[in-house]
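Worksheet: the structure to be examined is printed underneath.
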Amino acid sequence: MKNTGIVITVATLKGGSGKSTVASCLAVHWQQRGRRPALIDADPQRSLLRLGQREKALGGVPVHETGESGADIAETARRLAAAYDAVIIDTAGFRAPSTLAALAAARLILVPVKPSPLDVDVMLDTARTLFRTADGGAPRFYCLLTQTTRDSVIARHIRSELAAAGFPLLDSELSNRVAYGEAALFGATPSLMAPNGSAAAEIAALAEEIERLPETRR
Ligand SMILES: Nc1ncnc2c1ncn2[C@@H]1O[C@H](COP(=O)(O)OP(=O)(O)O)[C@@H](O)[C@H]1O
Ligand SMILES: [Mg+2]
């Protein structure tokens, strides 16, 4: 049987949590390591498509567009998964119908959360219903802390809050670093701009943790 690539959807309940950053950083990292990733931009804001048009063009990772309704997401994801190792879908947020299609198409869902009590409250309020409806089975989503400050009390507090609420949370974090925004200016990610830097190292650690998840190893 032909092996198909993993489809990863990045979705959050709050804007500005770092979805497009996580999606682009993972894709570029895997591309740099000789894998074959593809991106699907399911956000009408078209952040990834725009990044792909800037100078560094996301290191050559292809970015695929979908229609506003999301009706073509499942088909696009399936087609790309047959040809690529990883298909990463960036979404608009939960209110968009296209996001539901992107969630349904995913084998793994990543939920970036900023370590702010307000962000976490929004997440806890709505996540259960949204995440459990998919197939009622074991959760295949993982929260990921982004824009964290090193050793902050609040991040630690939120880690324990999420754990208590039964939300799977990745050990890896993306910290708050200017390198992410600066790289985006050039249509790049830290792995392209400064492959030996601290941001590239935390992206690599995140990618490796994802590679070890049961959903990925299948
Ligand atoms: N780890 C980080 N450190 C610093 N800035 C970040 C980080 N992640 C994202 N940002 C910045 O925060 C803003 C929102 O991130 P973005 O990925 O566009 O979020 P979303 O796609 O969820 O709206 C952008 O300006 C981005 O450059
Ligand atoms: Mg975005």
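General remarks:
- Residues considered: 135, 151, 119, 171. Of these, the only one that is outside any loop (DSSP other than H, G, I, E, B) and at pLDDT below 85 is 119.
Okay, residues lined up against (1) part of a helix (DSSP H, G or I); (2) without any contact (Cβ under 8 Å) to a residue 24 or more places away in the chain; (3) open to solvent by 30 Å² or more (accessible area, probe 1.4 Å):
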| position | (1), (2), (3) |
| --- | --- |
| 158 | yes, no, no |
| 163 | yes, yes, yes |
| 184 | yes, no, yes |
| 191 | yes, no, no |
| 206 | yes, no, no |
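- Residues (surrounded by fewer than 24 Cβ atoms within 10 Å (Cβ to Cβ), farther than 16 Å from residue 211 by Cβ and in contact with a strand residue (DSSP E or B) (Cβ under 6 Å, 6 or more places away or on another chain)) located in the range 1-37: 18, 20
- Of the strands (runs of 3 or more DSSP E) lying entirely inside the range 1-80, those carrying at least 1 residues that are free of Cβ contacts under 8 Å to residues at least 40 places away in the same chain are 63-65.
- As a summary of the residue check, residue 80 satisfies the conditions (1) open to solvent by 10 Å² or more (accessible area, probe 1.4 Å); (2) more than 15 Å from ligand 2 (Cβ to nearest atom); (3) modelled with pLDDT of 95 or more except for the one numbered (1).
- Residue match in the range 89-112 (condition: over 13 Å from the mean Cα position of the chain (by Cα), open to solvent by 10 Å² or more (accessible area, probe 1.4 Å) and of a type in the set (Ser, Thr, Tyr)): no
- Residue in the range 56-77 that is at positive phi and within 14 Å of the chain's Cα centre (by Cα) present: no
The values are calculated or read from the model by the stated rules, or taken from the named source; none is laboratory data. Values in this document were obtained by computation on a predicted structure and should not be read as measured data. Virtual Cβ from ideal backbone geometry, glycine too; neighbours counted across all protein chains shown. When the accessible area is computed, the model is the full protein with side chains, heavy atoms only, and any ligands, DNA or RNA have been set aside. Shrake-Rupley method; radii C 1.70, N 1.55, O 1.52, S 1.80 Å.
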